[in-house]
1. Say we look at segment 37-56 and pick out the residues that are assigned to a helix (DSSP H, G or I) and loosely packed, with under 14 Cβ neighbours inside 10 Å; which of these is nearest to the ligand (Cβ to nearest atom)?
2. On the basis of being more than 11 Å from the ligand (Cβ to nearest atom), out of contact with any Lys or Arg (no Cβ under 9 Å at 6 or more places or on another chain), touching a residue at least 60 places away in the same chain (Cβ under 8 Å) and not polar (S, T, N, Q), does A151 make the cut?
3. Restricting the search to segment 148-172, which residues are β-branched (V, I, T), more than 15 Å from L117 (Cα to Cα) and part of a helix (DSSP H, G or I)?
4. Are there any pairs with C-beta distances below 9 angstrom linking a residue in segment 122-135 that is on the phi > 0 side of the Ramachandran plot and modelled with pLDDT of 95 or more to a residue that is within 14 Å of the ligand (Cβ to nearest atom) and open to solvent by 20 Å² or more (accessible area, probe 1.4 Å), with the two at least 6 apart or on different chains, and if so which?
5. When you go through K103, K121, K145, K116 one by one, which is the residue that is over 21 Å from G39 (Cα atoms) and over 15 Å from the mean Cα position of the chain (by Cα)?
6. Is one or more of the residues making up segment 133-145 buried (at least 20 other Cβ atoms within 10 Å of the Cβ), more than 13 Å from the ligand (Cβ to nearest atom) and aliphatic (A, V, I, L, M)?
7. Can you tell me which of (1) within 15 Å of the chain's Cα centre (by Cα); (2) more than 10 Å from the ligand (Cβ to nearest atom); (3) of a type in the set (A, V, I, L, M, F, W, C) is the one L81 doesn't meet?
8. Is it the case, given these coordinates, that L117 is in a helix (DSSP H, G or I) and in contact (Cβ under 8 Å) with a residue 12 or more places away in the chain?
Amino acid sequence: MEKLEFSGKRLVVKLGDITEEDTEAIVNAANSSLMGGGGVDGAIHSKGGTVILEECKRIRENEYPDGLPTGEAVITSGGNLKARFVIHTVGPVCSGGILTEEKARLLRNAYHNSLKLASQKGIKTVAFPSISTGAYRCPVDESSKIALRTALEFLKEDSTVQEVRFVLFTDYIYEIYRESLRELSG
Ligand code: AR6
């Protein structure tokens, strides 16, 4: 684990399975259908149970009949997970593994809007996976810098969210995030 602490706030990078995390909210790297999928999305729905999918269906019907746009975020309960809430966001798809300026902006939005929603709900601790770096093929190095910078800026300005954890599933991705956090603090 690697962390950055300042004025009672914490930015943490750790290796782990986000479905086991005990933060008040965990963030799901969903797709715009909000109907589940593979990767971390599949793991969250299978461990959290059908309550999450039922709430996602209602959100689709009532708020987003055409699907959740990339970079936006919505919240459901956490079902059987330790986390009370799941925040669902959609990262950009990096075709050819290239993070264009527009994709970078959308990735930043996904992190920022998730944190904004957490703050609005009075949530103090939030865990993120590495959004868009699996099936959506965005480069981990650049994506990690966007993720950490967005979280750090948010923590500095917000008075509700106290801790943001990045929970990385593989050693490879964890090491890249660790290095990016060191660069950010140095
Ligand atoms: N805990 C933490 N991280 C995980 C876990 C876990 N349990 N499982 C996988 N990861 P991906 P994306 C990591 O593909 O790129 C889905 O089908 C994984 O190693 O889950 O945003 C959705 O429905 C990778 O580093 O999300 C969408 O269709 C990171 O989570 C699409 O994939 C993100 O990989 C979204 O693609």
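1. Taking the candidates together, the pick is G42.
2. yes
3. If the condition is that a residue be β-branched (V, I, T), more than 15 Å from L117 (Cα to Cα) and part of a helix (DSSP H, G or I), then no residue fits.
4. S132/A29; S132/V93; S132/L99; S132/K103; S132/L106
5. Result of the check over K103, K121, K145, K116: K121.
6. Checked segment 133-145: no residue is buried (at least 20 other Cβ atoms within 10 Å of the Cβ), more than 13 Å from the ligand (Cβ to nearest atom) and aliphatic (A, V, I, L, M).
7. (1)
8. Yes: the conditions hold for L117.
The values are calculated or read from the model by the stated rules, or taken from the named source; none is laboratory data. Just so we're clear, the structure is a prediction, and the values are computed from it rather than from any experiment. Don't worry about glycine lacking a Cβ; one is built from the backbone with ideal geometry, like all the others, and counts go over all protein chains shown. Heads up: the accessible areas ignore ligands, DNA and RNA and are worked out on the full protein's heavy atoms, side chains in. Shrake-Rupley method; radii C 1.70, N 1.55, O 1.52, S 1.80 Å.
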